[in-house]
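The values are calculated or read from the model by the stated rules, or taken from the named source; none is laboratory data. On a predicted model such as this, the values are computed, not experimentally measured, just so you know. With ideal geometry, Cβ positions are generated from the backbone for all residues, glycine too; neighbour counts draw on all protein chains shown.
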Amino acid sequence: MTNRSGACNNSSINSTSFNVETERKERQRHPWLWVPSLYFAEGVPYVIVMTMSVVMYRKLGVSKTDIGLYTSWLYLPWVIKPLWSPLVDMTGTKRGWIVAMQFFISAGLGLAALSVRGRGFFAGSLWMFLIMGFASATHDIAADGFYMLGLSAHEQSWWSGLRSAFYRVAMITGSGWLVMLAGMLEKKGDEARAWSVVLLTAAGLFLVFSVWHSVVLPHPAGDGPAPGGRSAAAGFMAAFQSFFQKPGVWMALAFMLTYRFDEAQLSKVLQPFLLDTRQAGGLGLETGAVGLAYGTIGVLALTCGGLLGGFAAAKFGLKKMLPYLVCSMYLPKLVFVFLSFLQPRDFRVVCGAVAVEQFGYGLGFVVFMLYLLYFSDGPHRTAHYAICTGFMALGMMIPGRWSGWLADQLGYKRFFLWVICSAAPGFVIALRLKVDPQFGRKSGGARP
């Protein structure tokens, strides 16, 4: 009996050990399997709604003023997503939310593709993009929370450059490769059909993402409903209150609202500038050429910048690298002043200018994402990160509303000069941020 009992105990112990080891391996699934695809999936719907739509509407005859005014409202889901971030934090798993929202984004893109070809395409497609934006914003909440659960503090810093790079690759895909596809299809004469096919292609891509992530995403130990048994309303109030009690919260908010003030204006005018005729002050590029500049040279430069910025922050810490990375964010925008004044005809010059701007953006955006991770850490990290990105989106939404009108009033040359000057407040505030000198380095560091 003793031997049998011992055998049973050993069998039970071995079974338990096997289950624990299996669970450990599942939780430690290598980030290469999911971080790149997760942040590529996070970026694609955003760039389709906020950037690719600008090109599409311009090619379909919508004015710059209407584009700037109405597409800026599409930021709304990302601005107000903190309102339902506690719901994501307190119900289900981040993993489950990610897979479900990717499926809904696929469906939203399919509906947007149908609306482009109907009557009243502008209003119809705007509504579809807005609905899809809510699914995408919810996906962002879950994905960013999952990132913080699935990686250690040092891993978050090390992967920040790659994360930003793949997010920006997604943005280049939307403003580059998908635009190139539209340019090729436009040559057949039906522009609405071309953009409908592009949106259907993106819908198919997101269906693949939903299946892929249902398989490869790990199961972090902390991925579950937030403890405490509170209602969603109580959870929201607790998360919101604790956010505004963080040390240095007002300086942090000023940073979130101003760091991308120049980019918010530039993003609504850049594509029209590249597409408009030289007589109108633009560069007169074809749709496919705009996609090529951003989808080839731009993506390589962006990836290099994001990787270099992330590795530098992981080696030296965010605090030490902050001034250099901030400068890299703003200075490359001088290339648009150069392009607007000289209007070069050589496409290689345009590609080179785009490469300089994208490399600098890749470096500088690392600062923003790392600081949001730094400031959000704590018991309500998912909700706090959603609040941070909500303020970031508000900082993009408000300036974008007047950017098209301002470009019409000033002309491209003076508009780009204004964009450079408007970066000054964000530059000054970024240099005054208080960051733990050890944050981002392998040894870790205290957080607020």
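Scoring Gly282 on the criteria (1) in contact (Cβ under 8 Å) with a residue 12 or more places away in the chain; (2) touching a Lys or Arg at 6+ places or on another chain (Cβ under 6 Å) leaves a single failure, condition (2).
Restricting the stretch 166-224 to residues that are small (Gly, Ala, Ser) and closer than 17 Å to Leu114 by Cα leaves a set whose member that is modelled with the lowest pLDDT is Ala192.
Scan the stretch 49-62 for residues that are surrounded by fewer than 21 Cβ atoms within 10 Å (Cβ to Cβ) and farther than 18 Å from Gly124 by Cβ and the total you get is 0. Among the residues making up the stretch 409-437, those that are farther than 13 Å from Asp262 by Cβ, buried (at least 16 other Cβ atoms within 10 Å of the Cβ) and not hydrophobic (A, V, I, L, M, F, W, C) are Tyr412, Asp436. The single condition among (1) under 27 Å from Gln265 (Cβ atoms); (2) of a type in the set (Val, Ile, Thr); (3) in contact (Cβ under 8 Å) with a residue 24 or more places away in the chain that Val99 does not satisfy is (1).
None of Ala289, Ala252, Ala293, Ala355 is of a type in the set (A, V, I, L, M) and within 30 Å of Pro86 (Cβ to Cβ) except Ala252.
Considering only residues in the stretch 272-323 that are touching a helix residue (DSSP H, G or I) at 6+ places or on another chain (Cβ under 7 Å) and among the aromatic types (Phe, Trp, Tyr), the one that is surrounded by the most Cβ atoms within 10 Å (Cβ to Cβ) turns out to be Tyr294.
Taking the condition within 30 Å of Arg193 (Cα to Cα), of a type in the set (A, V, I, L, M) and either at pLDDT 85 or above or buried (at least 24 other Cβ atoms within 10 Å of the Cβ) (or both), does Ile67 pass? Yes, satisfied. When Arg401, Arg447 are screened for being among the charged types (D, E, K, R), closer than 15 Å to Leu266 by Cβ and at pLDDT below 80, only Arg401 passes. Take Arg163 and tell me if it is assigned to a helix (DSSP H, G or I), under 19 Å from the mean Cα position of the chain (by Cα) and closer than 16 Å to Met369 by Cα. For Arg163, the condition - assigned to a helix (DSSP H, G or I), under 19 Å from the mean Cα position of the chain (by Cα) and closer than 16 Å to Met369 by Cα - is met. Just one of the listed residues (Ala301, Ala313, Ala293) is in contact with a Phe, Trp or Tyr (Cβ under 6 Å, 6 or more places away or on another chain), at negative phi and in contact (Cβ under 8 Å) with a residue 40 or more places away in the chain, and it is Ala301. For the stretch 117-147, name all the residues that are closer than 14 Å to Leu200 by Cβ and crowded, with 24+ Cβ neighbours inside 10 Å. Within the stretch 117-147, Ser125, Met132 qualify. Can you tell me which residues in the stretch 111-170 are acidic (Asp, Glu) and under 17 Å from Ala386 (Cβ atoms)? Hits for the stretch 111-170 are Asp140, Asp144.
Could you say which residue among Gly360, Gly378 is within 30 Å of Leu318 (Cβ to Cβ), of a type outside the set (S, T, N, Q), surrounded by fewer than 16 Cβ atoms within 10 Å (Cβ to Cβ) and in contact with a Lys or Arg (Cβ under 9 Å, 6 or more places away or on another chain)? The conditions single out Gly378.
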